[in-house]
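Below is one structure, written out as structure tokens, with a few remarks after it.
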């Protein structure tokens, strides 16, 4: 299952803006531009990943911190066997930690524990340090090792045919 909570339209608009003047180019010129653009992006991301200090990317870490802050307004009711009900200003949510799901479905879509799951994880694993415990509940496709594996390959340079 692919996990992504991006808005596809924004990605397409960004890609289209990157093409710029190459829109009027021949197909081969356009393909060469795209190949070079992808080559550069792969290398940038490979280098960026090498600087990360944690096992999850900084964007995932930021979402975890955001969800952690939102979780402070919730009240937990233990249902048993790692199942919980979280009560908050916008209603109640059932969280099943063993199945990695929450009724809000944010966990299932993004692969990152939502604010409801954060409270359940905190209750299950102990209060401090929650961040270390939460990493175990982040989908493996969002880990540093998965990111490294994604950008491990390379696009080989193709010589000009002149």
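State all residues of the range 98-115 that are within 18 Å of residue 79 (Cα to Cα) and crowded, with 16+ Cβ neighbours inside 10 Å; if no residue qualifies, say none. I'd like the intermediate steps shown before the answer.
Taking the range 98-115 first, the residues within 18 Å of residue 79 (Cα to Cα) are 98-104, 115.
Residues satisfying the conditions are 101, 102, 103, 104, 115.
Among the residues making up the range 136-157, those that are part of a loop (DSSP other than H, G, I, E, B) and either in contact with a helix residue (DSSP H, G or I) (Cβ under 6 Å, 6 or more places away or on another chain) or surrounded by 10 or more Cβ atoms within 10 Å (Cβ to Cβ) (or both) are 138, 139, 143, 151, 152, 154, 155. Between 156, 147, 100, 93, the distinction of being within 30 Å of residue 38 (Cβ to Cβ) and touching a residue at least 12 places away in the same chain (Cβ under 8 Å) belongs to 147 only.
Within the range 101-121, the set of residues being part of a helix (DSSP H, G or I) and either over 17 Å from residue 70 (Cα atoms) or at pLDDT below 90 (or both) comprises 108, 109. Given the criteria touching a helix residue (DSSP H, G or I) at 6+ places or on another chain (Cβ under 7 Å) and not in a loop (DSSP other than H, G, I, E, B), does residue 77 qualify? In short, no.
The set of residues from the range 80-89 being part of a strand (DSSP E or B) and either modelled with pLDDT under 90 or out of contact with any helix residue (DSSP H, G or I) (no Cβ under 6 Å at 6 or more places or on another chain) (or both) comprises 80, 83, 85, 87.
In the range 125-135, of all residues being over 22 Å from the mean Cα position of the chain (by Cα) and surrounded by fewer than 16 Cβ atoms within 10 Å (Cβ to Cβ), the one that is modelled with the highest pLDDT corresponds to 126.
Flag: residue 54 matches the condition of being under 28 Å from residue 136 (Cβ atoms), in contact with a helix residue (DSSP H, G or I) (Cβ under 8 Å, 6 or more places away or on another chain) and either part of a helix (DSSP H, G or I) or in contact (Cβ under 8 Å) with a residue 12 or more places away in the chain (or both).
When you go through 92, 71 one by one, which is the residue that is loosely packed, with under 15 Cβ neighbours inside 10 Å and either touching a helix residue (DSSP H, G or I) at 6+ places or on another chain (Cβ under 7 Å) or not in a helix (DSSP H, G or I) (or both)?
Going through 92, 71 in turn, just one is loosely packed, with under 15 Cβ neighbours inside 10 Å and either touching a helix residue (DSSP H, G or I) at 6+ places or on another chain (Cβ under 7 Å) or not in a helix (DSSP H, G or I) (or both): 92.
The values are calculated or read from the model by the stated rules, or taken from the named source; none is laboratory data. These figures come from a predicted structure and were not determined experimentally. With ideal geometry, Cβ positions are generated from the backbone for all residues, glycine too; neighbour counts draw on all protein chains shown.
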